[in-house]
Amino acid sequence: MRATWMLLGVLWLGCSVTLTPVPCQDDLHCLESQHCGAEAVCVEGARTAQMLRESCLAAIQSVAVHANECLGGSVEDFERMLGPTDVCKSVEASVAEGRQVFRPEKFGACVRALRERPCGQMNPEWLRNNKGERNLEAFAQGTLLEGCPAFEAQVTAGGSCANTADCQGGWCRVTEACPGVCQAFIPLSGACTNQDRCQKGSSCSGQFCVSDAKQGERCGAGTQCSPDSETQCENGLCIERRKEGPCENDEQCALRYQCVRTIPSLRDRSPKECRAAKALGETCEPGAGDCAPLSTCDAVSGTCRSLPVLGEQCGPINGTDDYADCLQSSCAAGLPPKCAPIAPTNGRCGSKSLECGPTAACRNTYCIPQWCG
């Protein structure tokens, strides 16, 4: 329901009425003649097509806010990892060239869709501090704006695309350089490779698209648990992630929880249990692995701090099994290892899309763009 102006004070018998702007999270909280502004209050003037860039940046900020709500960590750090400037350049180019149409009247619904995405779909696996084996596949594949009706795809299968948001009912496959080609999702039971994408609710396994398992259903042997259910596969069944008790890895713990080493000095031989993740600035124990995603425990202050940035030391830290990867950069070998610029388009990478930045993916040891500018 559209919100109306709130009355701060009404003075009886002829006195004036003072109005204050309505706080908002999206345009649907405001009157039709208003939009939700950068200050998170309703401002005069409906959203227009000329507000494309502002709207795109706001949409990605909504993803970052939701990632924080689901996983912990810092909204600002999530934004930096998602690369809003480059992503929005790609969106602007697509709109200018007719591959997408911006529907400003649907932007409120867009923000709500992004903020209400199941937390399991945020795919915390790409945020884990597991000695650099993280990746950005969840969003590097161009799915950042998935479910947002304000950026309307115009390209059918076989057409030229700059990002997956261009494609109607499919995805943008870039093999070496931009532009890519829109591909239809592979239907259930269809033949696939690990470079293809199956229809929603299924995954490529054994060269065929198979249905993801729900909570209580059998998993393993190529069948994965549905990300919508926030479950993990254990002993052949999809079970709810736990908030307490013993664990072997973070995937067994609920979102916003970590599989913490209870005796950090024993390193990998330490018993582990699921505990609530520590936020930035909170007291932590070096080597325990108890800080939220995109953060690590600083041995000097004994508090959780953001991951290092360009030029700062990264890699194994604290003389423990802690590993600090880099924000908006890649951890390069050296003594000590330091955060270096991400690999350029078609530059070499090891196996991690993290090395290619948020708008590209590592494919066969080369960085392939997923958001063409």
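Values in this text are rule-based calculations from the coordinates and carry no lab data. No experiment lies behind these values; they were computed from the predicted model shown. Cβ atoms come from the backbone with ideal geometry, glycine included; neighbour counts cover every protein chain shown.
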Spatially near lysine pairs across the chain, Cα under 17 Å, sequence gap of 8 or more or different chains: 6
Residue among Gly220, Gly287, Gly180 with the largest mean-square fluctuation in a Gaussian network model of the chain, springs linking Cα atoms under 10 Å: Gly220
Mean separation of Cα contacts under 8 Å, 6 or more apart, over the residue count of segment 164-218: relative contact order %: 22 percent
Residues with amide H under 5 Å from that of Leu237, placed H, sequence gap 5 or more: Cys219
Relative contact order of segment 265-319, defined on C-alpha pairs under 8 angstrom at six or more residues apart (%): 27 percent
Relative contact order (percent, whole number), the chain, Cα cutoff 8 Å, 6+ residue spacing: 13 percent
Whether the chain is rounded, prolate or oblate, judged on the alpha carbon gyration tensor where a/c under 1.5 counts as rounded: oblate
Residue with peak Gaussian network fluctuation, the chain [Cα springs, cutoff 10 Å], from Ile239, Ile263, Ile342: Ile263
Amide H contacts of Lys338 (H built 1.01 Å from N, under 5 Å, at least 5 apart or other chain): Cys314, Ala332
Where only C-alpha atoms are counted, convex hull volume of segment 317-373 per residue in Å³: 81 Å³
Approximate spin-label separation Glu105-Val300, in nm, with each point projected 7 Å along Cα-to-Cβ: 5.6 nm
Top of Leu280, Leu255, Leu31 by mean-square fluctuation, Gaussian network on the chain, Cα under 10 Å: Leu31
In order through segment 323-339: 3J(HN,Hα) via Karplus (6.51 cos²θ - 1.76 cosθ + 1.60), integer Hz, x for Gly, Pro: 9, 10, 7, 10, 8, 6, 6, 10, 6, 9, 5, x, 10, x, x, 9, 6
